[in-house]
1. For residue 30, indicate whether it is within 10 Å of the ligand (Cβ to nearest atom) and either at pLDDT below 95 or within 19 Å of the chain's Cα centre (by Cα) (or both).
2. Out of 60, 106, 70, report the one residue that is in contact (Cβ under 8 Å) with a residue 24 or more places away in the chain and closer than 21 Å to residue 39 by Cβ.
3. Kindly establish whether residue 175 is within 18 Å of residue 40 (Cα to Cα) and more than 9 Å from the ligand (Cβ to nearest atom).
4. Hey, residue 136 hits all of (1) out of contact with any helix residue (DSSP H, G or I) (no Cβ under 7 Å at 6 or more places or on another chain); (2) within 20 Å of residue 31 (Cα to Cα); (3) free of Cβ contacts under 8 Å to residues at least 40 places away in the same chain; (4) surrounded by 16 or more Cβ atoms within 10 Å (Cβ to Cβ) but one; which does it fall short on?
5. Can you pull out the residues in segment 8-23 that are more than 9 Å from the ligand (Cβ to nearest atom) and either under 17 Å from the mean Cα position of the chain (by Cα) or not in a helix (DSSP H, G or I) (or both)?
6. What are the residues in segment 115-128 that are within 12 Å of the ligand (Cβ to nearest atom) and more than 21 Å from residue 143 (Cβ to Cβ), if any?
7. Mind counting the residues in segment 62-82 that are over 20 Å from residue 101 (Cβ atoms) and either in a strand (DSSP E or B) or out of contact with any helix residue (DSSP H, G or I) (no Cβ under 7 Å at 6 or more places or on another chain) (or both)?
8. Mind counting the residues in segment 37-57 that are surrounded by fewer than 19 Cβ atoms within 10 Å (Cβ to Cβ), within 13 Å of the ligand (Cβ to nearest atom), more than 27 Å from residue 122 (Cα to Cα) and touching a residue at least 24 places away in the same chain (Cβ under 8 Å)?
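The values are calculated or read from the model by the stated rules, or taken from the named source; none is laboratory data. Note that the coordinates shown come from a computational prediction; the quantities given were computed from them, not determined experimentally. Because the Cβ atoms are built from the backbone with ideal geometry, glycine has one as well, and the counts that use them run over all protein chains shown.
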Ligand SMILES: C[S@@+](CC[C@H](N)C(=O)[O-])C[C@H]1O[C@@H](n2cnc3c(N)ncnc32)[C@H](O)[C@@H]1O
């Protein structure tokens, strides 16, 4: 990521500053596009259900991790209905505080709230059936993303799955100076996944999103 990687400290502290000023609401999580949340969650559910269930090779439903969870938008409607326990990790303390209210119903099945940047977070070894990473990889440098994916792999249970769902650019790396993130093209994301030693077992484009926003792709990794 060239220049951005050189200014790593500012890259992270600017992002933290940006998110501290964002309202702890679904609309805040989605940059004003709260109206697409249902389409997003329904698409994710159909995607994830291809892997869950009983039998040989199926992914278990004991425990999931929501990465860059924010107020728990995904935990509430996607993960808690499918997994016995869900842990959350996010760098913004205010969002995790709000999550405790937002997830009040079913909240007894929320496991741990980790307030930590993913670049520093070490998920517990062998704990997770699914690690869901949505709309946050653009906040990590290439090297930190690769390292984080490797740590995630170590924290999977047998037949566990890492899922990345994120914006992809048409070509190259597009920086966003407002929230201090980058948007990578699909080839670049594939390259980073491969550098982490992971394989893509399934990939889909999320359909029915507004035309003016980035394409969103979902990748299942092992
Ligand atoms: C676009 S929001 C997405 C929230 C959630 N994934 C969703 O889809 O509703 C990005 C989230 O990433 C968090 N975040 C930003 N940088 C992060 C980092 N380095 N580590 C962990 N979380 C981060 C923000 O606090 C915010 O909650």
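1. Numbers: within 10 Å of the ligand (Cβ to nearest atom): yes; either at pLDDT below 95 or within 19 Å of the chain's Cα centre (by Cα) (or both): yes.
Yes, satisfied.
2. Exactly one residue qualifies, and that residue is 70.
3. Values: within 18 Å of residue 40 (Cα to Cα): no; more than 9 Å from the ligand (Cβ to nearest atom): yes.
For residue 175, the condition - within 18 Å of residue 40 (Cα to Cα) and more than 9 Å from the ligand (Cβ to nearest atom) - is not met.
4. Failing condition for residue 136: (3).
5. Across segment 8-23, the qualifying residues are 21, 23.
6. The answer is 115, and nothing else.
7. Residues in segment 62-82 being over 20 Å from residue 101 (Cβ atoms) and either in a strand (DSSP E or B) or out of contact with any helix residue (DSSP H, G or I) (no Cβ under 7 Å at 6 or more places or on another chain) (or both): 5 in total.
8. Qualifying residue count, segment 37-57: 2.
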